[in-house]
Amino acid sequence: MPEMPEVQGLVDYLGGRLAGRRITKARVSAISALKTYDPPIETLEGTTVTAAARHGKFVDLATDSGTHLVFHLAKAGWLRWYDALPSTVIRPGKTPIALRVGFDDDSGFDLTEAGTKKSLAVYVVRDPAEVPGIARLGPDPLDPSFDRDALASLLAGRRTQIKGVLRDQSIVAGIGNAYSDEILHVAKLSPYALAANLDDAEIDRLYTALSETLAEAVAAASGKPPADLKDAKRRGMRVHGRRGEACPVCGDEVRSVFFADNSLEYCPTCQTGGKLLADRRLSRLLK
């Protein structure tokens, strides 16, 4: 799933290419992806893109008409950029393409989604706050106002596992499964530590790990075209997606815990005092 750094990379890429470009085509080929009907998506045609912005994991293209094209790539979505947009006709139901947008210099992009579970979402709104997922976002962890004390206040009193807190978009915006694994590994915290139980030193480590991990990932994504962002993300991972490999810090074996539709990765030596977390498909978490 694209998370904050990759989405920011997309926003930077699109903003640099689309500001001042007129939209000539906006066609939905997967009706389930379009979550709004007023304004109609056709009203984007003839408008000019003025800016690109990120809200959590949402991409927001603002236009001179006051309308915004907002999209969320969900778990299996991605953006495919073309310097010359294909002229082929999109056949609904016969292609992974959910949305095609073209511009007056013949460039454009497709939003695509793999698999059968369709979660990619497209909105045309007058204000990004009209998108429910944006309206309920928590603070952005790279906002200058998000300091160590702001994080501490979000954690206070939450009898929730820290892994879940980091992934909850209403608490902290933009972090998903992959970067929460990475942050917790750097912070040397168990993914199942309770947020309310973290002491001052652990909160200090968590804040530093969160800030530095995300800033490094955003910097690594900057300037890369969409086609390169996924591979760049995978290459930068320390533990996420690296089950069975050696921890880059201590050399212990990276382990996984599997859930219904995803998994987490962690290092027992760095994060859990050597204890293994039981596979949730088979048994309860080892205390």
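A few notes on this one:
- Of the residues Ile31, Ile134, Ile162, the one that moves most in a GNM of the chain with alpha-carbon contacts below 10 Å is Ile31.
- Distant-in-sequence amide contacts of Ala98, defined by a placed amide H-H separation under 5 Å and a gap of 5 or more residues or a different chain, comprise Leu111, Thr112, Glu113.
- Förster radius 30 Å - calculated FRET efficiency between Ala196 and Ala135, Cβ distance, rounded to 0.05: 0.70
- The mean sequence separation of alpha-carbon pairs under 8 Å and at least six residues apart, normalised by the residue count of the stretch 38-177, gives a relative contact order of 23 percent.
- Over 30 Å (Cα to Cα) - which of Lys117/Lys275; Lys25/Lys224; Lys25/Lys75; Lys25/Lys230 fall in this group: Lys117/Lys275
- Rounded to 10°, Cα long-axis angle of helix 226-236 versus longest principal axis of the chain: 0 degrees
- Per residue, the stretch 62-149 exposes 49 Å² of solvent-accessible protein surface, assessed with a 1.4 angstrom probe and all protein chains in place.
- Relative contact order, whole percent, for the stretch 100-259 stands at 16, derived from Cα pairs under 8 Å and 6 or more residues apart.
- Amide H contacts of Thr160 (H built 1.01 Å from N, under 5 Å, at least 5 apart or other chain): Ala195, Ala196
- Where labels lie 7 Å past Cα in the beta-carbon direction, separation of Thr95 and Val249 in nm: 4.6 nm
- Whole-number percent relative contact order across the chain, with pairs defined as alpha carbons under 8 Å at least 6 apart: 18 percent
- HN-Hα J in Hz across the stretch 158-170 - Karplus 6.51, -1.76, 1.60, θ = phi - 60°, x for Gly and Pro: 8, 8, 10, 4, 4, 4, x, 4, 5, 8, 6, 5, 7
- When a 1.4 Å probe is rolled over the protein heavy atoms, the share of accessible surface on the stretch 1-159 that falls to carbon and sulfur comes to 51 percent.
- Listed values for the stretch 269-279 are Karplus-derived 3J(HN,Hα) couplings in whole Hz (6.51 cos²θ - 1.76 cosθ + 1.60, θ = phi - 60°), namely 5, 6, 10, 10, x, x, 7, 8, 8, 5, 5, and x replaces Gly and Pro.
- Inter-probe distance in nm under a simple model that places probes 7 Å from Cα toward Cβ, at Asp104 and Ser222: 3.1 nm
The values are calculated or read from the model by the stated rules, or taken from the named source; none is laboratory data. From a predicted model like this one, the values you see are computed outputs, not experimental measurements. For neighbour counting, all protein chains shown are included, and Cβ atoms are generated from backbone atoms with ideal geometry for every residue, glycine included. Surface accessibility is based on the protein's heavy atoms, side chains included, excluding ligands, DNA and RNA. Shrake-Rupley method; radii C 1.70, N 1.55, O 1.52, S 1.80 Å.
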